[in-house]
Amino acid sequence: MNIKSASLAVMLSCPYIDAFAQELDNQPDTLPEVVITSVKAKETATGPIHKYKASQARTATKSETPINETAQSVSVVSSEQIRDQSVQTLADTLKFVAGVDAGQRGRRGLDDFSIRGFVQSDYVLRDGMRMFYDTAWVQSEPFGFERVEVMKGPASVLYGQTGPGGFVNVVSKRPTDKPLATVGLTLGNYDQQQWTADFSDALNKDGTLRYRLVALTSESDDKVDFVDRSRTYIAPSLTWDISDRTSITLLTSYQKSRYVPVRGLPAEGTVLSNPNGNIPLSRFVGVPGLDKYETEISLFGYEFSHMFNDTFTFRQNVRYSTFNVDGAFTDTTNGLTANKLNYQRRLNVRNLSAQMWTMDNQLAAHFNTFGVKHDMLIGADILHYNMGRTFTNRSLTALNLFQPNYGATVVGAPAVVANSTGSDMARQYGVYLQDLIKFGDGWNVQLGLRHDETDLLQTRINNSRTKSDPSKTTGKAGLLYAFENGWSPYISYSESFLPLTGNTADGSPFKPETGEQHEAGIKYESPDHQFGTTFAVYDLRRQNATTPDPNNANFNIQTGEQRHKGFEFETTGQLTDRLNVVATYTYIDAEITKSTTNTLGKRPILVAKNMANVWARYDLSGWVQGLGIGAGARYIGNQAGNGENTFNVPSYTLFDAGLYYNTASWRFALNARNLANKQYIAGCASMTQCYQGDPRTVMLTANYSFK
């Protein structure tokens, strides 16, 4: 039956049959052409990025402001790049980000990284809220990341107390709009095994209630003797779109890790000569069976959003988190003995238990006044943190690093470290205001102001009690012009603050440590949003740093200052239909400009003057359907080996590679890092402690998708 006959049959009961039939006879026998166009899903600041280049980053402004309209340097590592590089730690994720040096303390089991030359490992955010307050004893699991955002430079206006270098914000995987069901297995050298699962789907017919379940279990050995690690991670989440204006997402996770830390080796025998020869980089300096850590992290929170109208939107983010650390590591007491053979040691036992809850309330307003567009944000956040801590030391006999006899180690009785055992408490209350202003054809002004009140209390079993309640007001300002051709030059100023506990010899409490940065740069984004570049120069200062009191050896004074000046270049995205690339260059001129010690005028440790990285992925589907390759190189320049700059850590270059094959349901990947198996030291903290770099690792991954 054609369309004309079907229409007549339906109209038999109509009193105007003849009239309709006459009109129908005059119609063509075929339907008019209907053109269907697909609409590409809009990128969001929390969703997956199925490309290398992100266009948005909520970290910079707590809004959906495009990166190319943000007057400060921010980088995003997408879920696709994380997958292609088969990263195993947060440090792995950051190794191709301009301005970041990750993993410079080796494999001690922590998320070690610096941003613009400042160690920022304590400042990891998850979904825009602080993970832990003053310690980084645990690692984040990258399989739970949807993306990783890096904010460079001071950022206290929106987030309160942070260090001057910036911070890393990890965005959790959350329920997807489309069904997802994938399981995976990774096998590698050093007996690596990793099983993964990632499921997401709707729980009702209209798709307003959706879940996601992410899970992982992994274990591996290490090049260093007696070192191994294992981890279990599970992260259920639930999104309920209550209406087209209201939604809530529950985000939870549990992680349990066990690892033996790699604590480093002395400089003499690694980066400096030793009359006895070179120390093998596989040498373990600890006590087999005693050196190990067990950590547990639990997170439970939600993100709530309600749009009152086209002008006002309210958001509330809340999280309660706990972490527990139980373990021990061997550290040196005084380095090598006079014969340069024996390493003097002690065993440090740590038991930590912490709880923290955070809340961030935001009221966003979007309005126009006299042709000027405002995206205003008013916020108030709270952080409560409590930690109980027990520190114990045990003496150890020295270890011959050239002919070790671990069975001959004599372990002394536990001795409680009274000035480190007790409890820590922190309370932070902040209010902030931000206005993102647009006017003219491309002008963007960013203004922000914040005030914080902080309560800090440390109690120790030696009856010491240190209390401080510093307050601080910080600000930021930026100006950017977005040309229609994709180029956006900008300038900005930003501040940070970090409360300190303790006091000077006269009893005056320490003032907050502060940071301030002047930055200028230019950004580019291609019209299709697939490719972008950022050039940035900056002058960054850390002030009110503590330095020893020259008149009283038992106290510090706040006259210390560091100045870091630098240049960064970063380009990310799709150069052609088949080629994706990440390329960066970093230059940091770092100097201690004020100090009462002999470090004055010196370069800080763990800061390379030059760093460069490149990674490229090429699609070979034109030759073999589903085939792709990846290759990369990482260069880290010379670093100061100690605070006095009496020796340097040599530069090193590492090469990575990947091979990929995709079918409708399967994805196979073969990844290798440090392809040439270069033996190197990643960084030194002093003459007595230099950290082994990562050996060559090879991993074969197979993923199967059910949907």
If I take R0 = 41 Å and measure r between the Cβ atoms of Ser665 and Tyr429 in this structure, what FRET efficiency does the formula 1/(1 + (r/R0)^6) give, to the nearest 0.05? 0.20
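Run the numbers for Thr182 and Phe647: contour at 0.36 nm per residue of separation, minus the present Cα-Cα distance, in nm.
On the way: separation 465, 0.36 × 465 = 167.40 nm, distance 4.96 nm.
Between Thr182 and Phe647, full extension yields 162.4 nm more.
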Provide the gained length on full extension for the span Asp201 to Arg578, in nm with one decimal, where the gain is 0.36 nm per separating residue minus the Cα-Cα distance. 132.6 nm
According to the Cα gyration tensor, what semi-axes, each the square root of 5 times an eigenvalue, does the equivalent ellipsoid of the chain have, listed from largest to smallest in whole Å? 49, 31, 25
Can you tell me the equivalent ellipsoid semi-axes for region 587-630? Use √(5λ) from the Cα gyration tensor, largest first, whole Å. 48, 7, 5
Given a Förster radius of 51 Å and the C-beta distance between Phe655 and Ala338 as r, what FRET efficiency does 1/(1 + (r/R0)^6) yield to the nearest 0.05? 0.80
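Ignoring ligands, DNA and RNA, what accessible area per residue does region 506-575 give at 1.4 Å, in Å²?
Each residue of region 506-575 exposes 46 Å² on average to a 1.4 Å probe.
So what's the convex hull volume per residue for the Cα atoms of region 608-707, in Å³? Provide the component values of the computation, followed by the final result.
Details: hull volume 12.0 nm³, N = 100.
Enclosed volume per residue, from the Cα hull, is 120 Å³.
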Amide H neighbours of Asp222 under 5 Å, counting only residues 5+ apart in sequence or on other chains, H built in-plane at 1.01 Å? Val227
Exposed chymotrypsin sites (Phe, Trp or Tyr not before Pro) being those in a DSSP loop with at most 10 other Cβ atoms within 10 Å, the longest stretch of the chain free of them is 17-369
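State the Kirkwood hydrodynamic radius of region 168-211 in Å, one decimal place, computed from all pairs of distinct Cα atoms. Write out the running numbers ahead of the final one.
Values: mean 1/r = 0.0780 Å⁻¹.
Evaluated over region 168-211, this radius sits at 12.8 Å.
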With all protein chains present, how much of the accessible area of the chain (probe radius 1.4 Å) comes from carbon and sulfur, to the nearest whole percent? 56 percent
Residue separation times 0.36 nm, minus the C-alpha to C-alpha distance between Asp539 and Ala365: what's the value? 59.4 nm
Two-decimal Rg/Rh across region 372-458, once Rg and the Kirkwood Rh are taken from alpha-carbon atoms: 1.42
Work through the residues other than Val168 whose Cβ is under 9 Å from its Cβ and net out their charges, Lys, Arg +1 and Asp, Glu -1. -2
Simple spin-label model, 7 Å along Cα-to-Cβ: His306 to Ala477 in nm? 3.7 nm
Across the alpha-carbon set of region 326-368, Rg over Rh with Rh taken as the Kirkwood radius works out to 1.57
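Assuming R0 = 41 Å, can you tell me the calculated FRET efficiency for the pair Tyr406 and Lys511, based on Cβ-Cβ distance, to the nearest 0.05?
Details: r = 48 Å, r/R0 = 1.16.
Efficiency computed from Cβ-Cβ geometry: 0.30.
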Two-decimal Rg to Rh for region 140-249 - Kirkwood Rh, Cα set: 1.09
With a point put 7 Å past each Cα toward its Cβ, work out how far Val698 is from Ser230 in nm, to one decimal. 2.6 nm
How fast does region 129-184 diffuse by Stokes-Einstein, in µm²/s, taking the Kirkwood radius from C-alpha pairs at 37 °C and 0.692 mPa s? 240 µm²/s
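For a quick protection proxy, order the peptides 640-646, 200-206 by their average other-Cβ count within 10 Å, most packed first.
Values: 640-646: 18.3, 200-206: 13.0.
Peptide ranking by packing, descending: 640-646, 200-206.
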Identify the residues of region 435-453 with backbone N under 17 Å of a label point that sits 7 angstrom from the Cα of His374 along the Cα-to-Cβ direction, or state none. 435-440, 444-450
Gyration tensor (Cα only) of region 465-589 to equivalent ellipsoid, semi-axes in Å sorted down, yields 42, 15, 12
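Could you work out Rg/(2.2 N^0.38 Å) for region 210-336, with Rg from alpha carbons only? Spell out each step's value before the answer.
Working: Rg = 23.3 Å, N = 127, 2.2 N^0.38 = 13.9 Å.
Working it through for region 210-336, the quotient is 1.68.
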Just grab the label-to-label distance for Asp326 and Thr559, each label 7 Å out from Cα along the Cβ direction, in nm (one decimal). 4.8 nm
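Over region 166-255, average the accessible area per residue using a 1.4 Å probe and give it in Å², no decimals.
Working: 4180 Å² over 90 residues.
Using a 1.4 Å probe on heavy atoms only, each residue of region 166-255 averages 46 Å².
The values are calculated or read from the model by the stated rules, or taken from the named source; none is laboratory data. Being a predicted model, the structure only gives us computed values, none of them experimental. Cβ sites come from the backbone with ideal geometry, for glycine too, and all protein chains shown count toward neighbours. Calculation scope for accessible area: heavy atoms of the full protein, side chains included, ligands and nucleic acids excluded. Shrake-Rupley method; radii C 1.70, N 1.55, O 1.52, S 1.80 Å.
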